[in-house]
1. Any residue at all in segment 69-77 that is closer than 21 Å to residue 107 by Cα and part of a strand (DSSP E or B)?
2. Across segment 24-41, which residue is surrounded by the most Cβ atoms within 10 Å (Cβ to Cβ) among those that are touching a residue at least 40 places away in the same chain (Cβ under 8 Å) and not in a loop (DSSP other than H, G, I, E, B)?
3. For segment 52-68, which positions are at pLDDT 90 or above and either in a loop (DSSP other than H, G, I, E, B) or closer than 20 Å to residue 28 by Cβ (or both)?
4. Here is a list of conditions, (1) surrounded by 14 or more Cβ atoms within 10 Å (Cβ to Cβ); (2) assigned to a loop (DSSP other than H, G, I, E, B); (3) at pLDDT below 90, and residue 89 meets all of them except one; can you say which number that is?
5. Going by the structure shown, is residue 44 touching a strand residue (DSSP E or B) at 6+ places or on another chain (Cβ under 6 Å), assigned to a helix (DSSP H, G or I) and closer than 14 Å to residue 82 by Cα?
6. Say we look at segment 57-79 and pick out the residues that are crowded, with 18+ Cβ neighbours inside 10 Å and touching a residue at least 40 places away in the same chain (Cβ under 8 Å); which of these is farthest from residue 42 (Cα to Cα)?
């Protein structure tokens, strides 16, 4: 869904142990993460990390975007995503999505 400059992606768990199902069981229905577009993802994340922000993922690089996800807030369940897009790029590559879920699963960070 798109509302002005804001995009909403609606997700549904596909199984008892899926990341989405586990998220809903722990935090309830609601936002899982908020994406913040930055000009230089690596620099922005390094500066935030230096100030104490913890991350659940390493930098994830794809052909059209670079992204990184913060540690999930224990109260709300929300993560912050910092994303750098190449000019005129939309969507996400399968590689980025695969890398994200692998990194989250390795740390049991649904």
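1. Within segment 69-77, one or more residues are closer than 21 Å to residue 107 by Cα and part of a strand (DSSP E or B).
2. Here the residue is 41.
3. 52, 53, 54, 56, 57, 58, 59
4. Unmet condition: (1).
5. In short, yes.
6. That would be 79.
The values are calculated or read from the model by the stated rules, or taken from the named source; none is laboratory data. Bear in mind that the values here come from a model prediction, so they are computed numbers and not experimental data. Methodologically, a virtual Cβ is constructed for each residue, glycine included, from the backbone with ideal geometry; neighbour enumeration extends over all protein chains shown.
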